[in-house]
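Asker: Below you'll find the structure I mean.
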Amino acid sequence: MDAQKQKNKYSIIVPTYNERLNISLIIYLIFKHLPDVDFEVIVVDDGSPDGTQDIVKQLQQVYGEDRILLRARPRKMGLGTAYIHGMKHASGNFVVIMDADLSHHPKYLPGFLRKQLETGADIVTGTRYVKDGGVHGWNLMRKLTSRGANVLAQTLLWPGVSDLTGSFRLYKKSVLEDIISCCVSKGYVFQMEMIVRASRKGYHIEEVPITFVDRVYGSSKLGGSEIVEYLKGLVYLLMTT
């Protein structure tokens, strides 16, 4: 298993927008928890006005431009297209997608890699809704909204995974390329469409329990418009998958 891990390379795509206060810590933690793993971090920044790109350039001086890749875009263009943009520059045979705001702790990455090596899974996804998983820092209303969204999607779509809206995942690169070519959603619905289409295509999906922690610095980018888009996306997937 260790020999196989050494053969693999992992491209970690981290989309950012105004994450100047978080990006240094998330990258430090990635390096801390993956000491013996061949990986690169691809930061896809959507023209952050807060100086996120300047911090990433400083980090490149510390860790090397071959380990930290900055692939900037001129403006906010959506989460789904950020992954597509990052994947164009990925040299690994596996791709990890995770948030930059510390809600996805890098301490779970070794568990993702281990689960994939043990099972041969095409996708390993973090889940808040199984034993040893959970959420920290959310108020009751947000917990109910998230849980309700997942229950509604489970009832209508039967995807075979417990956490549809999570965005902390490990993919075989070839599988991600196949799925992403079928997806039309943008923003937060993109995560749900990805996992539903993967399930419909018969890909092997495994889950790892994680605790999602509300962002440490900055403000959440989830609002009423995203909830409306989620509901529209749910109807779309119900009709097309």
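The values are calculated or read from the model by the stated rules, or taken from the named source; none is laboratory data. Quick caveat, the model's predicted, so the values are computed rather than measured. Using ideal geometry, Cβ is built from the backbone for each residue, glycine included, and neighbour counts are taken over all protein chains shown. Calculation scope for accessible area: heavy atoms of the full protein, side chains included, ligands and nucleic acids excluded. Shrake-Rupley method; radii C 1.70, N 1.55, O 1.52, S 1.80 Å.
Asker: For the range 89-102, name all the residues that are buried (at least 22 other Cβ atoms within 10 Å of the Cβ) and in contact with a strand residue (DSSP E or B) (Cβ under 8 Å, 6 or more places away or on another chain).
Answerer: A90, F94, V95, V96, I97, M98, A100 - these are the residues of the range 89-102 that are buried (at least 22 other Cβ atoms within 10 Å of the Cβ) and in contact with a strand residue (DSSP E or B) (Cβ under 8 Å, 6 or more places away or on another chain).
Asker: Does G111 satisfy being among the small types (G, A, S), assigned to a helix (DSSP H, G or I), open to solvent by less than 40 Å² (accessible area, probe 1.4 Å) and modelled with pLDDT of 80 or more?
Answerer: For G111, the condition - among the small types (G, A, S), assigned to a helix (DSSP H, G or I), open to solvent by less than 40 Å² (accessible area, probe 1.4 Å) and modelled with pLDDT of 80 or more - is met.
Asker: Looking at S11, S24, which one is of a type in the set (G, A, S) and either modelled with pLDDT under 95 or closer than 19 Å to R114 by Cα (or both)?
Answerer: S11
Asker: Only one of these is open to solvent by less than 20 Å² (accessible area, probe 1.4 Å), among the β-branched types (V, I, T), under 18 Å from the mean Cα position of the chain (by Cα) and closer than 24 Å to S181 by Cβ: I13, I23, I84. Name it.
Answerer: It is I13.
Asker: Looking at I55, I23, I12, I27, can you tell me which residue is under 22 Å from D122 (Cβ atoms) and β-branched (V, I, T)?
Answerer: None of the other options fit; the residue is I12.
Asker: Of the conditions (1) modelled with pLDDT under 90; (2) outside any loop (DSSP other than H, G, I, E, B), R215 satisfies every one except a single condition; which number is it?
Answerer: (2)
Asker: List the pairs whose first member sits in the range 189-214 and is within 18 Å of A82 (Cβ to Cβ), whose second member is open to solvent by 50 Å² or more (accessible area, probe 1.4 Å) and of a type in the set (D, E), and whose Cβ atoms are under 7 Å apart, counting only residues at least 6 apart or on separate chains?
Answerer: Listed by first residue and then by second, the contacts come to V189/E229.
Asker: While we're on this one: Just to be sure I understand the filter: pairs with C-beta atoms under 6 Å, separated by 6 or more residues or on different chains, first member in the range 95-114 and on the phi < 0 side of the Ramachandran plot and in contact (Cβ under 8 Å) with a residue 60 or more places away in the chain, second member among the acidic types (D, E) and not in a helix (DSSP H, G or I). Which pairs pass?
Answerer: Taking only residues 6 or more apart or on different chains, the pairs are A100/E19.
Asker: Any residue at all in the range 223-236 that's at pLDDT 75 or above, within 19 Å of the chain's Cα centre (by Cα) and surrounded by 16 or more Cβ atoms within 10 Å (Cβ to Cβ)?
Answerer: Scanning the range 223-236, I find no residue that is at pLDDT 75 or above, within 19 Å of the chain's Cα centre (by Cα) and surrounded by 16 or more Cβ atoms within 10 Å (Cβ to Cβ), so the answer is no.
For (1) modelled with pLDDT of 75 or more; (2) open to solvent by 20 Å² or more (accessible area, probe 1.4 Å); (3) β-branched (V, I, T), each residue gets a yes or a no:
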position	(1), (2), (3)
V124	yes, no, yes
T127	yes, no, yes
G137	no, yes, no
V151	no, yes, yes
P159	no, no, no
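Asker: Shifting gears a bit: Out of everything in the range 95-106 that is in contact with a Lys or Arg (Cβ under 6 Å, 6 or more places away or on another chain) and modelled with pLDDT of 95 or more, what residue ends up being nearest to A121 (Cα to Cα)?
Answerer: That would be V95.
Asker: Name the single residue, out of those in the range 60-78 being closer than 21 Å to Q191 by Cα and in contact (Cβ under 8 Å) with a residue 40 or more places away in the chain, that is least open to solvent (accessible area, probe 1.4 Å).
Answerer: So, considering only residues that are closer than 21 Å to Q191 by Cα and in contact (Cβ under 8 Å) with a residue 40 or more places away in the chain, the one least open to solvent (accessible area, probe 1.4 Å) is G78.
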